[in-house]
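Reading through the structure tokens given below for one structure.
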Amino acid sequence: MRAIVVSATGGPEVLTYSDCPEPELNPGDVLVDVTASGVNFIDVYHRIGRYPLSLPFVPGNEGAGTVAAVGEDVEGVSVGDKVAWANVMGSYAERAVVPVSHLLVLPEGVEPEVAAAVSLQGLTAHYLTHSVHEVRPGDDVLVHAAAGGMGLLLVQIAKLRGARVIGTVSTEEKEELARQAGADEVLRYRGFADAVRDLTGSGVHVVYDGVGATTFEESLAALRPRGMMALYGQASGPVPPVDPQVLARGGSLFLTRPTLAAYIATRDELAWRASDIFGWVASGELRVHISRRYPLSEAARAHEDLEARRTTGKVLLIP
Ligand SMILES: NC(=O)c1ccc[n+]([C@@H]2O[C@H](COP(=O)([O-])OP(=O)(O)OC[C@H]3O[C@@H](n4cnc5c(N)ncnc54)[C@H](OP(=O)(O)O)[C@@H]3O)[C@@H](O)[C@H]2O)c1
């Protein structure tokens, strides 16, 4: 089969479209013919070695498709089922092996391509708005990169929960998308903490910050006393070490650096979040904005565009 292989860490050019052996199907695994693979910023961190993996590897943590074969000890899944997954490596490929513990069987009304676009980021937006900070009606919420893959989902889900949502974006086109997703206010990054204070008085209840290095300090300044700083990513680079006293000075702030794995650690938790996300997609309450589809062979171009901030919403690779 054909897949993207990374044999040395580096720039987008290390994403090599190659012939690979078929993946091995062990007990508890399901083999899937991939319809689409989701591109996520974590794939960039893996590619450049910021989150080190042993080489060589097939990148990609998310996808959807049709079950082609079922390993021993797998129950409740049959050949031909439409499925998706998140947080399983090896998705930039024509076929992927997924442990049944991570497999999501798609309900009526959710097509594989949409599922590939909303699984990892949807589950993440769910745990951020339901568990890291339980967004309540009337909360003021700040979402950075509000027109990105994560951003558009966070804006919509925070609105579903009754919040007032303030987004930040870098361009007019992105502002328009964030507004269409329901953002009440959309700011540029420069001076955003002051602008947030002008809008809210005392600051926001929670900041969802996946940008990291360039926004972190001001994000803390945008919080109200006892507010939650959810630093869930670092698209602009890693945040330097933090003196805990800054949390005291901000008025007893909370700081967390959460990961999806810790919030889908049990099958029940994964099923709860997936059922909400796919349910909202099927009912039309959650819109999935797929901005770009690239042939799998052009994964390098997809990474270049994601890193250069040229994409909005979701980016897919099609084998
Ligand atoms: N912890 C978790 O569980 C988890 C799970 C999923 C994703 N994440 C994180 O969520 C964040 C967003 O991921 P995504 O896949 O949805 O990407 P994305 O938001 O679609 O793309 C990144 C966006 O970040 C903004 N950005 C600001 N400064 C940037 C810079 N220097 N370089 C690149 N982008 C910059 C850009 O939007 P503007 O041009 O509008 O600024 C860009 O479009 C990433 O940090 C990712 O690691 C974390």
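The values are calculated or read from the model by the stated rules, or taken from the named source; none is laboratory data. Since this is a predicted model, take the numbers as computed values, not measurements. FYI the Cβ positions are ideal-geometry reconstructions off the backbone, even for glycines, and counts take in every protein chain you see. Areas reflect the complete protein model, heavy atoms only, side chains present, ligands, DNA and RNA absent. Shrake-Rupley method; radii C 1.70, N 1.55, O 1.52, S 1.80 Å.
Worth pointing out:
- Nearest-ten-degree value, helix 149-160 long axis tilted from longest Cα axis of the chain: 60
- Estimated 222 nm signal from helices in the chain, with DSSP H stretches of n ≥ 4 weighted -39500 (n - 2.57), rounded to 500: -8500 deg cm²/dmol
- Between L120, L255, L53, the GNM of the chain built on Cα springs shorter than 10 angstrom shows L53 fluctuating the most.
- Linear extension gain, R287 paired with F254, 0.36 nm per residue minus alpha-carbon span: 8.8 nm
- Carbon + sulfur, % of accessible area of the chain - ligands and nucleic acids excluded, 1.4 Å: 50
- Accessible area in square angstrom per residue, the chain, 1.4 angstrom probe: 42
- Across q = 0.13, 0.14, 0.16 Å⁻¹, the stretch 80-239 modelled as identical point scatterers on its alpha-carbon atoms has Debye log10 I(q)/I(0) values of -0.63, -0.71, -0.88, in the order of the q list.
- Phi angles across the stretch 61-78 convert, under the Karplus curve 6.51 cos²θ - 1.76 cosθ + 1.60 with θ = phi - 60°, into 3J(HN,Hα) values of 10, 7, x, 7, x, 10, 5, 9, 7, 10, x, 4, 6, 9, 10, x, 9, 10 Hz, Gly and Pro given as x.
- Around the amide H of T35, modelled in the peptide plane, lie the amide H atoms of A64, G65, T66, all under 5 Å away and 5 or more residues distant in sequence or on another chain.
- Neighbours of H144 by Cβ distance under 11 Å: Lys/Arg scored +1, Asp/Glu scored -1, total -2.
- Counted charge near E172, where neighbours are those whose Cβ lies closer than 14 Å (Asp, Glu -1; Lys, Arg +1): +1
- Extension gain for L53 to A271 (0.36 nm times residue separation, less C-alpha to C-alpha distance): 75.7 nm.
- Both radii were evaluated on the Cα set of the chain; the Rg over Rh quotient, with Rh as the Kirkwood radius, amounts to 0.97.
- For the stretch 70-152, radius of gyration divided by Kirkwood radius, i.e. Rg to Rh on alpha-carbons: 1.05
- Residue list for the stretch 235-256, given a label point 7 angstrom along the Cα-to-Cβ vector of R197 and an amide N cut-off under 13 Å: 250-251
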